[in-house]
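Data block below; observations after.
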Amino acid sequence: MESDGRFGGGAGLRDSGEFSDESGGGPRALPAFLAAGPAVAPEDRPKAEAPPDQPARLRGALNPLLAAAGPLLDLAGSLRERSGHENPEGLRDVILAEVRRFEEEAAAIGVPPEEVRVARFALCTMLDDVVRATPWGARCRWAREGLAVVVDPGAGGPDRFFDLLDTMLSDPRLHRLELELFYACLSLGFEGKFRDKPRGAHDLAHLRDELFRVLRRLRGERERALSPQWRGVAERFRPLGHVLPPWLAAVAVATLLGGLFLTLSASLGGRADAVVARLGALLPDRPLELVRAVPPPPSSAGPALAVRVTALLQPEIRSGAVAVLAGDDGALVIRIEGAGMFATGSDAIRARYRAVVDRVGQALGPEAGRVVVVAHTDDQTPRGGGLPTPEALTEARAVAVLKILERTLGAERLTAEGRGEREPLAPNTTPANRGANRRVDVRLYPE
């Protein structure tokens, strides 16, 4: 970082007490409180009597100048995070009004006018720099006419910030309040001429760190304790038994328990009479009669339903492929013999029986009710392959039949079950019996 012998990083101030004007306009007078001459440090100045309407946040502030600038510093922090603003001109007017409020409050607490002017310049320059670094600030009037130009046209450009900082660092004790304000501006995003330099961010961070060290030396080490009275009482604990005799504690406990018992007993007795009276009112005048509701009998397949379905399935019944039966649970059962319907261990329906299943669906289509497809098998189920158990095999076969019935009956009426070999019609002792046990029942539960 380039410097004139100090770490301020600015162009510096001449010993004559004037700013060097890089624009060629000649030297400009240095603010009076920075010029050579007698000066008084902030802690040595007489305390000005605070007016009655002084803001509460300034009373007893460690740095009244920094406290008065608090709203403007908060605003700078929030502007850095904004990607856009709907009314930059209105915001600019609001900030100008806030700058005037800052000047009035700083003057009210006794800050010298030249110090107020320098602080005002630092705040306006910092806000201009933050806004111009945003996409929306670079396109509005703010980019051409900043706050610093409006408030104090003769104060100079953004580089004057570092010139003033460099000069005040020559006597930091005298300018401690202003240096703390400048440090806050740097911490909230003011970059100035360092923004476009290759190592600008590094140099600016170094400048800010050095300024922090100077301010810490001026303030001294801060108290690390969070509370001035954080230590506990040094006296040792003395149990109550050492002060009062044990019998007195026993008497007190017994008296307390006795009083509590009497109080609760009286309260309970007073409420019991009312509860007994209410319970007596609930008793009926005559014996209760329990009436048990008898559920209605389930719908069953009547003879007319069986006649209609049988008439539609006459060809299949004559061929022996289908039988129409009445189930024990009130269902109409259309039994499809399964000996020739599936290959051994398979759930694929042979072509001849696809037409039979389709005819069953057409016969049941006009009839209302729930339809359950139940598949059964014998005890000769192969144990290998993709369907190793009787339950898995019959479940798959029932689903295959259901898929064909969906075409005419719809999926919402159909469910499928596989019951394996658990419900044989005859003992699995002969080929004929095993063939009878291999079957698919289509059960209609009429509504």
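The values are calculated or read from the model by the stated rules, or taken from the named source; none is laboratory data. Since we're looking at a predicted model, the values are computed, not measured. For neighbour counting, all protein chains shown are included, and Cβ atoms are generated from backbone atoms with ideal geometry for every residue, glycine included.
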- Query: Can T310 be described as over 60 Å from the mean Cα position of the chain (by Cα) and at pLDDT 85 or above?
  - Reply: yes
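For (1) among the hydroxyl-bearing types (S, T, Y); (2) at pLDDT 85 or above; (3) under 19 Å from V99 (Cβ atoms); (4) surrounded by fewer than 11 Cβ atoms within 10 Å (Cβ to Cβ), each residue gets a yes or a no:
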{"position": "D171", "(1), (2), (3), (4)": "no, yes, no, no"}
{"position": "H175", "(1), (2), (3), (4)": "no, yes, no, no"}
{"position": "Y183", "(1), (2), (3), (4)": "yes, yes, no, no"}
{"position": "F194", "(1), (2), (3), (4)": "no, yes, no, no"}
{"position": "R216", "(1), (2), (3), (4)": "no, yes, no, no"}
{"position": "P245", "(1), (2), (3), (4)": "no, no, no, yes"}
{"position": "A254", "(1), (2), (3), (4)": "no, yes, no, yes"}
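Conditions (1) part of a helix (DSSP H, G or I); (2) within 18 Å of R80 (Cβ to Cβ), marked per residue:
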| residue | (1), (2) |
| --- | --- |
| C124 | yes, yes |
| L127 | yes, yes |
| V130 | yes, yes |
| G154 | no, no |
| F162 | yes, no |
| D171 | no, no |
| L179 | yes, no |
